[in-house]
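One structure is given here, and the rest of the page talks about it.
Read-outs throughout are calculated quantities, based only on the coordinates presented, and are distinct from any laboratory measurement. Being a predicted model, the structure only gives us computed values, none of them experimental. Counting neighbours? That spans all protein chains shown, and the Cβs are built from the backbone with ideal geometry, glycine included.
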Amino acid sequence: MGTILFSDIVFGPIKSRRLGSSLGVNLLPRHGKWCNFDCLYCECGFNKDGKQDKEIPGKEMVLNALREKIAELVKDNTAVDSITFSGNGEPTMHPDFPEILEGTLLLRNNLIPSAKVSVLTNGSILGNEAVANALLKADNPIIKIDSANEETISLLNRPNFKYSLSETVDLLKKFRHRFVLQTMFLRGEFQGKKIDNTTETEVALWQRLVLQIHPREIMIYTIDRETPASNLEKITVDEMKKISAPLLATGYKITISG
Ligand code: SF4
């Protein structure tokens, strides 16, 4: 099983399916993964395989690395569409995430004003006011909800805390029309249990959830690389088009990445 760990604090820019030329920022350990979910499809691997390294970079270290890299890219005329918090786990788990995001916005404004600031997050820390307020300042808070069924979330995303979908929906009220929803669609089996968030029931529940939480935009995607769980199956672009069609018809902006 091949996994991708980013050994630099700032990496890329890489060509992202969803964000264009994306300059990544990794606030997590550089030689291991740190997340409070343990998704079966996580490109960083399973949590159990990455717990040796627990060292996270300090705020100044991150902002200095970002400043240096942006200056280099500006000098070389390299385009950056997005400065993207992603990396080896869940970026909002970094204790200084709000301050780092503020510093990044300043750097962006001063050095590459046309770039967006994006955060790929599982939304698990929206209950922390400072984190939620920081996410609201980002251009693209991209919040993951893979299913409107808690049982599927527990099989697919495997939160290692007591996850509550209704609490998440409640916390998303202040994000109404101000966030991007990201959903991974796939099918498969893990430890003898079937996982499928593309069934008629799952899709109907997910569509209803979208209408309840009002994202500004939706990104749906499927597996792109090798996954830590071996029996997972990619779905087709046509299937994703079918899943998104009723929402597209109501005016939602939806990006499909197959
Ligand atoms: S939330 Fe993201 S980083 Fe965390 S396990 Fe899932 S895919 Fe990996």
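Annotation: of all residues in segment 8-35 being within 13 Å of the ligand (Cβ to nearest atom) and over 13 Å from the mean Cα position of the chain (by Cα), the one that is surrounded by the most Cβ atoms within 10 Å (Cβ to Cβ) is Leu28. When we screen Gly87, Gly50 for residues that are within 12 Å of the ligand (Cβ to nearest atom) and within 13 Å of the chain's Cα centre (by Cα), the only hit is Gly87.
Where strands (runs of 3 or more DSSP E) fall wholly inside segment 1-99, the ranges with 2 or more residues that are β-branched (Val, Ile, Thr) are 10-16, 82-85. Would you say Lys162 is charged (D, E, K, R) and part of a helix (DSSP H, G or I)? It is false that Lys162 is charged (D, E, K, R) and part of a helix (DSSP H, G or I).
Can you name the number of the only condition in (1) in contact (Cβ under 8 Å) with a residue 60 or more places away in the chain; (2) over 18 Å from Glu43 (Cα atoms); (3) acidic (Asp, Glu) that Asp196 fails? Single failed check for Asp196: (1).
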